[in-house]
Amino acid sequence: MTGYSEADLEYDVLDILGDLGWEPLEGKQIAVGSGEREFWEELIIPGRLRAAVAQINPELPASAVDEVVDLVLSPKSQDVRDENKRIHEYLTQGIRGISYVDEFGAEQHPTVHLINRRDPYRNEFLAVRQVMVVQRDERRRFDVVLYVNGLPLAIFELKKMTDERATPEAAHAQLMSYVRDMWQAFRCNVISLVSDGVSARYGTAFTPYNHFAPWNVDEGGEPVQQSGSWEESELSLALHGLFEQRRFIELLNGYVAFAQSDGGPVKRIAKPHQYFAVSKAIGKTIEAVRSNGKAGVVWHTQGSGKSFEMELYSNQVLKHPALGNPTIVVITDRTDLDDQLFENFDASELLPEKPVRVTSREELRTELSNRRTGGIYFTTLQKFSRTKAERDAGLHHPLLSERRNIIVIVDEAHRSHYDDLNGYARHLRQALPYATMIAFTGTPISEADRDTQAVFGDYIDIYDLTRAVEDGATVPVYYESRLIPVELPAKVDPEKLDEEADKATEGLDDAERRRVESASVTLNAVYGAPARLEKLAADIVEHWGKRSEAMKEFIGVPGKGMIVCSTREICAALYRRIIAIKPDWHSDDVNTGKIKVVYSPEQKDSEELRAHWMRPSEHKTVQRRMKDPDNELELIIVKDMLLTGFDAPPLHTLYLDRSMRGAQLMQTLARVNRTFRNKQDGLMVGYAPLHENLLKALAEYTTTDQQTKPMGREVEEAIDKVRDIIEVLGDVLLEGYPWREKLRVKSPTAYRDTVHGAATYVWDSRHPLNQVEENRETREREPTLKERFLREAGRLARFYAVCSTSGKLNDLRDDIAFFRDVRVVVVKLEANRRRAEGRPIPADVELYLKQLTAGAIEAGDVTDLFSEAGLERPDLSHLDDAYIKKFQASKHPALAIEALRRLVQQEMRRVTKHNIVRQQSFSDRLLELMRKYTNQNISAAEVIAQLFELAKEVAADANRGQQFSPALTSDELAFYDAVAAKENVRNLMGDEKLADIARDLVKAVRRNLSTDWTARDDVQAKLRSIIKRLLARHDYPPEEEQDAIDKVIQQLETFADEWAPDADR
């Protein structure tokens, strides 16, 4: 056999897992009836689980072991997430509530463990391929299932490496369909992995594809550059990285977490950068507690999951025996950061105890003075301030604790956190002199900041912007300058002015207050000039309309935008001008309306400012609405709230009308770099002068980041890419199709015909560039013309969504629209073929098709393949020569042929659902017919005629049983075809004699079926014996018996679900 099949890939995967200590097995070896699995819908192997529980918990009597197994096997809910959470708690925390009386008569209440977490290698590890699951009328085979102690903890969905349509996205789509249809199989699932042999991604059974991650690092956590070798492929790296036995148990125990959300439990698993950062941080913390208290700094770029890392780290710190149940103090320097982080920790189901928010300086002092062990406290840095009496007396901050097992986690470690000579950080050290300090930051420590290492220590781990984008953890952010000039007074630095205006006035002396208020007045006069705001409002409304419409193709909804202004007065004034343009965007109700203003209130506020006051609960409502992609709220106007620590994945565009620099600028920019559905890029639109500040901020990042600019790329780069892509599409990929000439034809249908003609040219399987052979040595092939066109057209849509508002591509708008519409037709063709073949559609294509259906993109009157070809959908039971001739005269023969091929294939699947002989016969004929056409052995007119002949035959086949007397049912007809497959048998015995055999076969096999017959060799042997005796009784040719028996058994398997004794229960 030539080529590299999906089965070959499965065996290669099992070889690697075998090297890692997993015992490879075939699915039939653990199938129902084999003594292993007990039910088709359940993957768990009870006997192996029972043996493992007894071994790990040797004190348990047999009755208690049985009780534990029954508890695991019996679902408590019909919701797969709830069930998965319950089993996960059993796996990581053990089972409580089991009691028994020991040999001394004492009642025992042990914690029963299902996994040996202390000695991972003493668990039982199985890797099983082709595992069948049956639930109601659904029947599926999982490619690879990994068992630990009889529990199915990992499921792989693998695709053929050389199939152009078999991608990780398609594998993920199929996996998600399994979760919906076969939910019981995923009750124990920890990791789901998808791969096409080239790329590999992993996540949980509930993780959307955009959050599935590659494990593309070596054993030290360093990125591995893909060299093309199997050993360094993403799949090989993932198998070694995730499924080495010790690490797999470690991931299960400490790197998988549930959290509560409004939509129910959310399950997450650490990505490679998170796993290695937390592992390193734990080691550094243990060293620091025993030495100088400086654990170090974790710099992982904004949007890469830093909050989750802090949660994972805190959980392991609290449980680590070397740290003696420490107290954790989480410190931020802003209330909104404290709110966001606290909510994440409070929702966590991983942490051993709930966090406590400290609301006052007095409470902080009381809690830390009296606490001896444990505890998670959240506070702001400002609460480490001195009282007025202490300041007046010149006293230091009082000592709160001299314990060494206090861990201070500092979020966003910048200057305010570690000014060790003055300010709150010095007070923190005076209060907790022996605490261990660790910092997590999303932006690098600036060279201008003071002596970072003296406070925290060295960097523990770095995950820069470039790696985050390459791994798909974040998206790149483009910068579009739409500067609206301002005139500042002489010798006024706009950044200094903004910093002054940003300071709170509470607690300042009169001179400081006057300076801050003066800065605000100046900003209001300059940035808030009425004429400037009118222009700003109009530009934002127009820009947002185009940008949100362009983003629908990628995320299915308009998405969200954030407008950042210099002062609260400007926020309110800009809102007033925007709703003057769009009055329907306004609502007084916090729960409705398309735009809101969010800022902190002050008692001296004017009526216009008071109109936007919100209670804390209302602030939360707005934040929830911004995170909900389907909520009508699209835009919020802010001054400084929500610029850090606020994660809203649907947010894709930032309008910045205030001067910023350094870490604050980069943190703000990161609001739009979160992944969401098929979001490809974020966009920052600068109305204030920001370009130089962006360059200065990037100068603090890694050399790679400075070169690639994952954040702050100029929009001109996207414009250049659009021009280059159009040249490739029009002059290279469509070189052989005169699309420009055809568009110039003076005809009302010229545009439609040219779009369809170009799509046909790209799609045509007979095109030499679509007939690409696989390289036998590398098992790879070059992309086809269709693949190249779809890739480039997708890139065009992506980059045009970024720069369409620039006005610099107006000369190419018609070409861009044309290529977009050609792509629409080709994508629909591909989707229709997938549906016809019963294969899942990748999430990004499904989303794109939904947008087309919703009318987000004008694509003419395209509704299906037949209308695209300018034809009516045929009735296969009533075909005449006139219709066939009309079909052959279609202007788009490739579309017409594809439409007819799909219709024939769908009819075949319907008519021959349980008839494998006819199914194979029709399929072979269809494939051979299409092969001849592809190889240009027959013309388009000939293949259309032959397809119609085949269609007529398929349609008539449904009634073929009526030819017999008495008539054969569809079930009996299927067995007739099995025993009459060979022409010499039909000639020898005759149709009626073979029909009698079929009738008897149906009766005989149905009487002798058991629920688990497909997995039980003894039952299959009995069935074969029954079939053989029946054939002999009817004088069936002995030399053909074995072939007939095999076909009957194969045929019987298609009825397994419907004919099983409990099928109707």
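The values are calculated or read from the model by the stated rules, or taken from the named source; none is laboratory data. Please read all numbers here as calculations on a predicted model, not as lab measurements. In this analysis, Cβ positions are derived from the backbone assuming ideal geometry, glycine residues included, and neighbour counts consider all displayed protein chains.
Below is a table of values for the structure above.
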read-out: Looking only at the range 956-1002, and only at residues there that are in a loop (DSSP other than H, G, I, E, B) and hydroxyl-bearing (Ser, Thr, Tyr), the one that is surrounded by the fewest Cβ atoms within 10 Å (Cβ to Cβ); value: Ser965
read-out: Hits in the range 449-464 - residues which are in contact with a helix residue (DSSP H, G or I) (Cβ under 7 Å, 6 or more places away or on another chain) and at pLDDT below 80; value: Asp449, Arg450, Thr452, Val455
read-out: Index of the failed condition, Glu83 passing every other in (1) under 24 Å from Leu312 (Cα atoms); (2) more than 25 Å from the chain's Cα centre (by Cα); (3) of a type outside the set (Lys, Arg); value: (2)
read-out: Hits in the range 630-651 - residues which are among the acidic types (Asp, Glu) and at pLDDT 90 or above; value: Asp630, Glu632, Glu634
read-out: Number of the exception - Ser279 against (1) touching a Leu at 6+ places or on another chain (Cβ under 8 Å); (2) surrounded by fewer than 22 Cβ atoms within 10 Å (Cβ to Cβ); (3) in a helix (DSSP H, G or I); value: (1)
read-out: Top-ranked residue in the range 409-442 [being more than 35 Å from the chain's Cα centre (by Cα) and small (Gly, Ala, Ser); ranked as modelled with the lowest pLDDT]; value: Ser416
read-out: Residue under evaluation Arg576, criteria (1) of a type outside the set (S, T, N, Q); (2) touching a helix residue (DSSP H, G or I) at 6+ places or on another chain (Cβ under 6 Å); (3) more than 26 Å from Leu809 (Cβ to Cβ), criterion not met; value: (2)
read-out: Test: residue in the range 545-555 that is surrounded by fewer than 22 Cβ atoms within 10 Å (Cβ to Cβ) and part of a loop (DSSP other than H, G, I, E, B); value: no
read-out: Test for Ser314: is it under 20 Å from Lys271 (Cβ atoms), in contact with a Leu (Cβ under 8 Å, 6 or more places away or on another chain) and touching a residue at least 24 places away in the same chain (Cβ under 8 Å); value: yes
read-out: Inter-residue pairs, beta-carbon under 6 Å, first within 20 Å of Ala51 (Cα to Cα) and outside the structural domain of Leu14 (by TED's automatic domain parsing) and in the range 145-157, second part of a strand (DSSP E or B) and of a type outside the set (Asp, Glu), 6+ apart; value: none
read-out: Helices (runs of 4 or more DSSP H) contained entirely in the range 696-791, each with at least 1 residues that are at pLDDT 85 or above and closer than 30 Å to Tyr4 by Cα; value: 750-763
read-out: Index of the failed condition, Asn591 passing every other in (1) assigned to a loop (DSSP other than H, G, I, E, B); (2) buried (at least 17 other Cβ atoms within 10 Å of the Cβ); value: (2)
read-out: Some residue of the range 384-398 being within 39 Å of the chain's Cα centre (by Cα), of a type in the set (A, V, I, L, M, F, W, C) and assigned to a helix (DSSP H, G or I); value: no
read-out: Among the candidates Thr327, Thr301, Thr285, residue that is modelled with pLDDT under 95 and of a type in the set (Val, Ile, Thr); value: Thr301
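Residue-wise test of (1) in contact with a helix residue (DSSP H, G or I) (Cβ under 8 Å, 6 or more places away or on another chain); (2) at pLDDT 95 or above; (3) crowded, with 19+ Cβ neighbours inside 10 Å.
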{"site": "Val144", "(1), (2), (3)": "yes, yes, yes"}
{"site": "Val148", "(1), (2), (3)": "yes, yes, yes"}
{"site": "Phe156", "(1), (2), (3)": "yes, yes, yes"}
{"site": "Lys159", "(1), (2), (3)": "yes, no, yes"}
{"site": "Tyr209", "(1), (2), (3)": "yes, no, yes"}
{"site": "Pro214", "(1), (2), (3)": "yes, no, yes"}
{"site": "Ser227", "(1), (2), (3)": "no, no, no"}
{"site": "Tyr255", "(1), (2), (3)": "yes, yes, yes"}
